[in-house]
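Novice: What follows is a single structure, and I will ask about it in a moment.
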Amino acid sequence: MKVLVTGGLGFIGSHTVVELQNVGYEVVIVDNLSNSSQEVLKGIVAITGTTPVYENIDLREKAAVQDFFQKHDDIAGVIHFAASKAVGESVGDPLLYYENNISALVYVLKELQKKPAANFIFSSSCTVYGQAEVMPITENAPVQQPISPYGNTKKIGEEIIIDVAKISNINAILLRYFNPIGSHPTAEIGELPIGVPQNLVPFITQTGFGLRAELSVFGDDYPTPDGTAVRDYIHVVDLAKAHVIALQRLLNQKNLDKVETFNLGTGTGSSVLEVIQSFEKVSGKKLPYKIMPRREGDITSAYANTDKANEILGWKAQSTLDEAMASAWKWEQKIRS
Ligand code: NAD
Ligand code: WQD
């Protein structure tokens, strides 16, 4: 059965391609390499022994998207990862984000709308909750107006999919990821941040390797047990596996709503200092860090209530923070060797 994975050479996409191929799906990747490299294909092949079909297409090009779906008219499901994801960059260049994250989505949905049946999985984000009032966060928590254009593209993306599903044969699952970290245990694929990482874990592993002098801990005066901000860090392989299960649910069509939404997290919150401790434990290295003021736009705390994914998808994150951190560290060492 053929599955289109847009952004399939990126961080979460590549891990999902591996899990899809592991259970026998025939994968077609579309990626314009704007935040990835064709080298990632080698890692996928090293793990799975199978080479996915790869097409270098920019999904902002409507005609190219149309041609793609004409050529591949037997796609059973689409997992749409392709997007730009740097929060800070989106503030400086909102139109880049609205074009890439919204136009591409619209063009793909336009093609799916023509089909007698279509299954669509969308990469959404816990950012749509903003600072939720109640922890852990359920899917029923109110969606808030996001602070960044990036966050807004996820909110708008969800709304577009809900509107289109109402009047078409498209069934969709919206997956709201919390904080994905780590890499494949083989260290054949992993996260490849360009430039100075904005996210905590790649900054930690680069600092641990000596590429950065020290980590800035953004704020120790939050109303949390140790004063640093709390997030739900989920191993990317657990996240990838959830996509396979979500796809199977769409394909089985049993008791399915037109659009369903699931949180994907571990259900456990970890503070920045706890993440540092985890790194120190698994690497045996002391991490240099200093306390700095809060980062603008950051929230205090976000961690998932995962009951819905547990009950309906039968999915639960398996890896601990230490396991995820160990995989991130193994990957950092591999790419620097
Ligand atoms: P990533 O940048 O590693 O992967 C995205 C991939 O999409 C890249 O390979 C990029 O080259 C490709 N791409 C971007 N624009 C494209 C276009 N116009 N045409 C074709 N390919 C295009 O990002 P990721 O971390 O793997 O994130 C995947 C998805 O998950 C994104 O939609 C992101 O917004 C969402 N998400 C990520 C996180 C996170 O923290 N990583 C959290 C929540 C949601
Ligand atoms: C985690 C914690 C920082 C770097 C972002 C996006 C969100 C989602 C996931 C896509 C925070 C602290 C970080 C550093 C630090 N992406 N930190 N020093 O901010 O939870 O979420 O990625 O949808 O939309 O906003 O993740 O990894 O940037 O930060 O102290 O050098 O680590 O303040 O508390 P965040 P993050």
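The values are calculated or read from the model by the stated rules, or taken from the named source; none is laboratory data. Bear in mind the structure is a predicted one, so any value in this text is a computation, not a measurement. Please note: Cβ atoms are built from the backbone with ideal geometry, for glycine as well, and neighbour counts cover all protein chains shown. Note: areas computed on protein heavy atoms with side chains; ligands, DNA, RNA excluded. Shrake-Rupley method; radii C 1.70, N 1.55, O 1.52, S 1.80 Å.
Novice: How tilted is helix 149-166 with respect to the longest principal axis of the chain? Cα atoms for both, answer in degrees (0 to 90, nearest 10).
Specialist: Approximately 30 degrees, to the nearest ten.
Novice: Evaluate the relative contact order of region 1-97 (contact order divided by residue number), counting alpha-carbon pairs under 8 angstrom at least 6 apart; express in whole percent.
Specialist: Relative contact order for region 1-97 comes out at 35 percent.
Novice: So how strong a dipole does the chain carry about its Cα centre when Lys and Arg Cβ are +1 and Asp and Glu Cβ are -1, to the nearest 20 debye?
Specialist: Charge dipole, the chain, about its Cα centre: 300 debye, nearest 20.
Novice: Let me ask another. Measure nothing but the geometry: give the 0 to 90° angle between the long axis through the Cα atoms of 62-71 and the longest principal axis through the Cα atoms of the chain, rounded to 10°.
Specialist: Relative to the chain, helix 62-71 is tipped by roughly 60 degrees.
Novice: Two decimals, Cα atoms only, Kirkwood Rh: what is Rg/Rh over the chain?
Specialist: Looking at the chain, the ratio lands at 0.95.
Novice: Carbon and sulfur together cover what percent of the accessible area of region 1-125 at a 1.4 Å probe radius?
Specialist: Reported share for carbon and sulfur atoms: 50 percent.
Novice: Kindly provide the pair-distance distribution of region 31-103 built from C-alpha pairs, with 5 Å bins from 0 and whole-percent values in order of increasing distance.
Specialist: In whole percents, the pair-distance histogram is 3, 12, 19, 22, 19, 14, 8, 3, 0.
Novice: With just the Cα atoms defining each centre, how far is region 43-96 from region 172-201? Give it in Å.
Specialist: Rounded to whole Å, the Cα centres lie 17 Å apart.
Novice: Next up: Length gain on complete extension for the stretch Ala213 to Thr138, per 0.36 nm per residue less the alpha carbon to alpha carbon distance?
Specialist: 23.2 nm
Novice: What does the charge count near Gly157 come to, summing +1 for each Lys or Arg and -1 for each Asp or Glu among other residues with Cβ under 14 Å from its Cβ?
Specialist: That sum, taken over residues with Cβ under 14 Å, equals 0.
Novice: Mind computing the radius of gyration and Dmax over the alpha-carbon atoms of region 172-266? Å is fine for both.
Specialist: Answer for region 172-266, Rg first and Dmax second: 17.3, 53 Å.
Novice: If you roll a 1.4 Å probe over the heavy atoms of the protein chains, what accessible area per residue do you get for region 208-337, in Å²?
Specialist: Ligands and nucleic acids excluded, the result is 48 Å² per residue.
Novice: Next up: Based solely on its DSSP helices, what 222 nm [θ] is calculated for the chain when runs of n ≥ 4 H residues each add -39,500 (n - 2.57) and the sum is averaged over all residues, nearest 500 deg cm²/dmol?
Specialist: Estimated from H runs of four or more residues: -11500 deg cm²/dmol.
Novice: Straight-line reach from Lys334: which lysines have Cα under 29 Å away, leaving out those fewer than 8 places along the same chain?
Specialist: Lys334 reaches Lys42, Lys85, Lys241, Lys281, Lys285, Lys286, Lys290, Lys316.
Novice: If I model region 160-205 as equal point scatterers sitting on the Cα atoms and use the Debye formula, what is log10 I(q)/I(0) at q = 0.27, 0.30 Å⁻¹?
Specialist: Relative scattering, expressed as log10 I(q)/I(0), comes to -1.02, -1.16.
Novice: By the scheme Lys and Arg +1, Asp and Glu -1, what is the net charge of all other residues having a beta-carbon under 14 Å from that of His235?
Specialist: Here the charged neighbours net out to -2.
Novice: Counting other Cβ atoms within 10 Å, keep those with at most 15, restrict to DSSP loop, and tell me which GluC sites (Glu not before Pro) in region 41-96 are left.
Specialist: Those that pass, being in a loop and sparsely packed, are Glu61.
Novice: At 10 °C and 1.306 mPa s, grab the translational diffusion coefficient of region 212-335 from Stokes-Einstein with a Kirkwood Rh over Cα pairs, rounded to a whole number in µm² per second.
Specialist: Using the Kirkwood radius from Cα pairs, D works out to 96 µm²/s.
Novice: Another question, then. Given a Förster distance of 41 angstrom, what is the FRET efficiency for Lys62 paired with Thr320, based on the Cβ-Cβ distance and rounded to 0.05?
Specialist: FRET efficiency, Lys62 to Thr320: 0.40.
Novice: Give me the tail of P(r) for region 1-155 as a percent: Cα-Cα pairs with distance above 22 Å.
Specialist: Considering region 1-155, 46 percent of its Cα-Cα pairs are separated by more than 22 Å.
Novice: What is the helix-to-structure angle for 104-113, meaning the angle in degrees between its Cα long axis and the longest Cα principal axis of the chain, kept from 0 to 90 and rounded to the nearest 10?
Specialist: The angle comes out near 30 degrees.
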